[in-house]
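Student: To start, I am sharing the structure in question, which I have written as structure tokens.
The values are calculated or read from the model by the stated rules, or taken from the named source; none is laboratory data. The shown structure was predicted, so the numbers you read here are calculated from the model rather than taken from an experiment. Glycine gets a Cβ as well: all are built from the backbone with ideal geometry, and neighbour counts include every protein chain shown.
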Amino acid sequence: MLEPADESTLHEKTRLRAAMKAVRGGLSAEQRLRDSEQIIARLLQLPELTTAETIFVYVSCRNEVQTHELIRQCWQRGKIIAVPKVGDGGQMEAHRIEAWDQLALGPFGILAPLGTAAFAGTLDICLTPGLAFTRRGDRLGYGQGHYDRFLVAQPDIIPVGLAFDCQLIERIPTDPHDRPMRLIVTPSREVRTQ
């Protein structure tokens, strides 16, 4: 069970989320696509990704770092791809997909797996979305705690944050339950936090 958030930290995170949504939303579609391509190129050269057999990756939507091409390239390399699905109880699960037609529009307008069972195997790496990250590995998510709970339940997985350069900031308020990233990949750099 995750510890409850401190009230002042909660308010500060809410303000920062709004600000970072505006910053990320200010990028043009062309810039997001170009930056996403650079992030994918960096990811595909990382030893953590090249040696991983099973990759847990979000299916991008709206103005997030785009992951569709990354998923395609990982399939071509023979990687097992698992993607998030939030169950009825609010727990995020990993579901293996082997083709795009195994996805359908789910809650929040996000593509989610259809009719697949939760993946029971070992996950090697978790490619994680966020609104902001710090060089220490702190992550500002969307406020539901799905990834924090998921990472607590998967202590051996390598958490990697994907971010545009404008999402790398100096400080994010944190709570005891927040799970840090081991690595953050942006178009211009890889930030190792451990």
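Student: Go through region 169-181 residue by residue and tally those that are surrounded by fewer than 20 Cβ atoms within 10 Å (Cβ to Cβ) and either closer than 24 Å to K79 by Cα or within 13 Å of the chain's Cα centre (by Cα) (or both).
Tutor: Going through region 169-181 one residue at a time, the tally reaches 1.
Student: While we're looking at this one, here's another question. In region 129-163, which residue that is over 24 Å from E30 (Cα atoms) and in contact with a Lys or Arg (Cβ under 6 Å, 6 or more places away or on another chain) is surrounded by the most Cβ atoms within 10 Å (Cβ to Cβ)?
Tutor: So, considering only residues that are over 24 Å from E30 (Cα atoms) and in contact with a Lys or Arg (Cβ under 6 Å, 6 or more places away or on another chain), the one surrounded by the most Cβ atoms within 10 Å (Cβ to Cβ) is P159.
Student: I'd like to verify a number: residues in region 82-101 that are surrounded by 17 or more Cβ atoms within 10 Å (Cβ to Cβ) and of a type outside the set (V, I, T), how many?
Tutor: Here the count works out to 8.
Student: I'm checking my understanding of the structure. Among residues of region 110-165 that are of a type in the set (G, A, S) and free of Cβ contacts under 8 Å to residues at least 24 places away in the same chain, which one is farthest from R62 (Cα to Cα)?
Tutor: Among residues in region 110-165 that are of a type in the set (G, A, S) and free of Cβ contacts under 8 Å to residues at least 24 places away in the same chain, the one farthest from R62 (Cα to Cα) is A120.
Student: Taking interchain pairs and intrachain pairs at least six residues apart, which have beta carbon atoms under 7 angstrom, with the first residue in region 176-194 and free of Cβ contacts under 8 Å to residues at least 24 places away in the same chain and the second of a type outside the set (S, T, N, Q)?
Tutor: R192/L183
Student: Check C166, C126 and return the single one that is touching a helix residue (DSSP H, G or I) at 6+ places or on another chain (Cβ under 7 Å), under 24 Å from L44 (Cα atoms), buried (at least 18 other Cβ atoms within 10 Å of the Cβ) and hydrophobic (A, V, I, L, M, F, W, C).
Tutor: It is C126.
Student: If we keep just the residues of region 17-73 that are among the aliphatic types (A, V, I, L, M), in contact with a helix residue (DSSP H, G or I) (Cβ under 7 Å, 6 or more places away or on another chain) and assigned to a helix (DSSP H, G or I), which is surrounded by the fewest Cβ atoms within 10 Å (Cβ to Cβ)?
Tutor: Top of the filtered list is L44.
Student: Here is a follow-up. Would you confirm whether any residue within region 88-109 is in contact with a helix residue (DSSP H, G or I) (Cβ under 6 Å, 6 or more places away or on another chain) and modelled with pLDDT of 95 or more?
Tutor: So far as region 88-109 goes, no, none of its residues is in contact with a helix residue (DSSP H, G or I) (Cβ under 6 Å, 6 or more places away or on another chain) and modelled with pLDDT of 95 or more.
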